[in-house]
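Everything below concerns the one structure shown next.
FYI, it's all coordinate maths here, none of it is from the lab. Please read these numbers as outputs of a predicted model, since none were measured by experiment. Reconstructed Cβ throughout: ideal geometry from the backbone, glycine too, with neighbour counts over all protein chains shown.
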Amino acid sequence: MLKITKEKINNKWYEFTLNSHSMSVSFLNFGGIITKILAPDKYGNKENIVLCYQDYAHYETNPLYLGAIIGRVAGRIKNATIQIQNTEYELDQNESCHHLHGGKKGFHNVLWDFNTFQGEDGIGVTLTYTSPDGESGYPGNVNVKVTYLLTINNEFLIEYEATTDKETVLTLTNHSYFNLSGDLKKLVLDHEVTIDSSRILKLDKDLIPFDIVEDVSETEFDFRRGRLLQEGFVSNNEQNQLVGCGYDHYFLFDQQAANKVIVADNESGRIMKIKTNQPGMVMYTANTMQEGIMLNNLKSKKYLGVCFETQASPASLWLNDLPSITLLTNETYKKQTIFSFDVIEKKK
Ligand code: FUC
């Protein structure tokens with residue numbers, strides 16, 4: 001029933017596929033990049049529900065950050081500068097004067113060691129990487145372990161663990177773009193999303209959070225009772241318009257619901273639920289996606305996918321009252337995100 005396969009790609013990487021009776025997840029040991037998630041629709045058709053490049057060579061530069069592990073710090077760090085115990089560290093500036101997604105040599109762009117494992121209820125691969133002191137400007141030698149696990153219950157778990165030998169900052173995520181229509185049949189306009197969140201971070205023109213919105217009630221950011229993504233694409237809300245008409249915002253979870261996020265595509269019947277012990281996530285609806293890059297069967301374009309980047313926000317470095325991203329030498333960073341897949345109603 002459960003099976004792992006491993007295939008050599010372009011003579012330098014491995015692509016692993018975790019197979020259960022009803023779905024499969026494929027990924028590379030380069031960047032831990034998820035290349036495919038095949039999940040059934042309401043008729044039982046298995047189709048790919050994440051964006052992937054047609055040509056594997058594109059993962060080398062990965063301009064869209066497709067499917068990758070993001071670190072050391074996911075998101076933007078203002079002026080590419082951090083301060084830790086009165087020492088200032090200059091990070092890579094890879095988006096004008098700012099630092100984005102761990103810099104040029106972020107975790108999306110390194111080769112990970114791997115170990116496969118197989119249990120009765122699940123199979124998986126543990127990816128490990130040691131990020132040397134000073135990499136991309138960050139202090140501390142950091143040992144990172146990311147585990148991908150597929151269970152017999154159609155759950156895909158991502159577990160993150162990290163330790164450091166010097167106080168540092170760290171917040172990891174995965175940058176998969178989901179499109180539940182299957183094989184990119186349509187844009188994500190009528191994906192219906194529910195989020196356990198009443199607070200978001202407000203962005204400045206460089207997409208850097210500068211304030212907390214304490215109550216999203218009666219705005220396009222209130223997803224507590226479910227909302228179609230397109231409502232934010234056409235809205236007059238200045239925050240939707242600022243990011244290219246859509247969402248690229250950090251949502252703080254309220255911790256009211258077990259599922260922090262629920263995503264449904266009525267036509268295919270696919271439904272994805274997300275549970276996590278992360279305090280929030282960035283929802284990015286590919287508003288500013290570079291267009292024209294060949295994906296599996298069509299070219300990249302705006303609104304072709306949606307990312308749910310569960311993480312703590314780097315804005316905690318300059319805004320009060322947000323969960324910290326500091327990692328101390330006597331701590332182990334331990335986070336988990338579980339994606340579970342189902343269909344709304346099975347059809348014959
Ligand atoms: C997301 C966004 C960014 C960026 C990137 C590719 O995490 O927050 O704006 O475009 O992904």
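Out of Lys166, Lys145, Lys185, which single residue is more than 22 Å from Gln311 (Cα to Cα) and not aromatic (Phe, Trp, Tyr)? Please lay out each step first, then the result.
Numbers: Lys166 fails: more than 22 Å from Gln311 (Cα to Cα); Lys145 fails: more than 22 Å from Gln311 (Cα to Cα).
None of the other options fit; the residue is Lys185.
Where residues in region 63-106 are touching a Lys or Arg at 6+ places or on another chain (Cβ under 8 Å) and not in a loop (DSSP other than H, G, I, E, B), which of them is nearest to Glu309 (Cα to Cα)?
Leu100
Would it be correct to say that Ser300 is hydroxyl-bearing (Ser, Thr, Tyr) and free of Cβ contacts under 8 Å to residues at least 40 places away in the same chain? Even if it seems obvious, please write down each step before you answer.
On the way: hydroxyl-bearing (Ser, Thr, Tyr): yes; free of Cβ contacts under 8 Å to residues at least 40 places away in the same chain: no.
So Ser300 does not fit the description; no.
Tell me, please, whether a residue that is over 30 Å from Ser24 (Cα atoms), surrounded by 23 or more Cβ atoms within 10 Å (Cβ to Cβ) and within 14 Å of the ligand (Cβ to nearest atom) can be found in region 63-74.
Within region 63-74, the first condition is being over 30 Å from Ser24 (Cα atoms), and the residues that meet it are none.
No, the conditions are met nowhere in region 63-74.
Name the residues in region 239-271 that are under 30 Å from Lys348 (Cα atoms) and under 14 Å from the mean Cα position of the chain (by Cα), would you? Please lay out each step first, then the result.
In the first step, residues of region 239-271 are kept if they are under 30 Å from Lys348 (Cα atoms); the result is 259, 261-271.
Val261, the sole residue that qualifies.
Please determine, by comparing only the residues of region 266-292 that are within 16 Å of the ligand (Cβ to nearest atom) and of a type in the set (Gly, Ala, Ser), which one is nearest to Thr337 (Cα to Cα).
So the residue we want is Gly280.
Out of the residues in region 307-348 that are surrounded by fewer than 18 Cβ atoms within 10 Å (Cβ to Cβ) and within 21 Å of Asp248 (Cβ to Cβ), state the one that is nearest to the chain's Cα centre (by Cα).
Among those that are surrounded by fewer than 18 Cβ atoms within 10 Å (Cβ to Cβ) and within 21 Å of Asp248 (Cβ to Cβ), it is Pro323.
Just to be sure I understand the filter: pairs with C-beta atoms under 6 Å, separated by 6 or more residues or on different chains, first member in region 233-254 and at positive phi, second member within 13 Å of the ligand (Cβ to nearest atom) and among the hydroxyl-bearing types (Ser, Thr, Tyr). Which pairs pass?
Cβ pairs passing all conditions: Gly244/Thr288; Gly246/Thr285.
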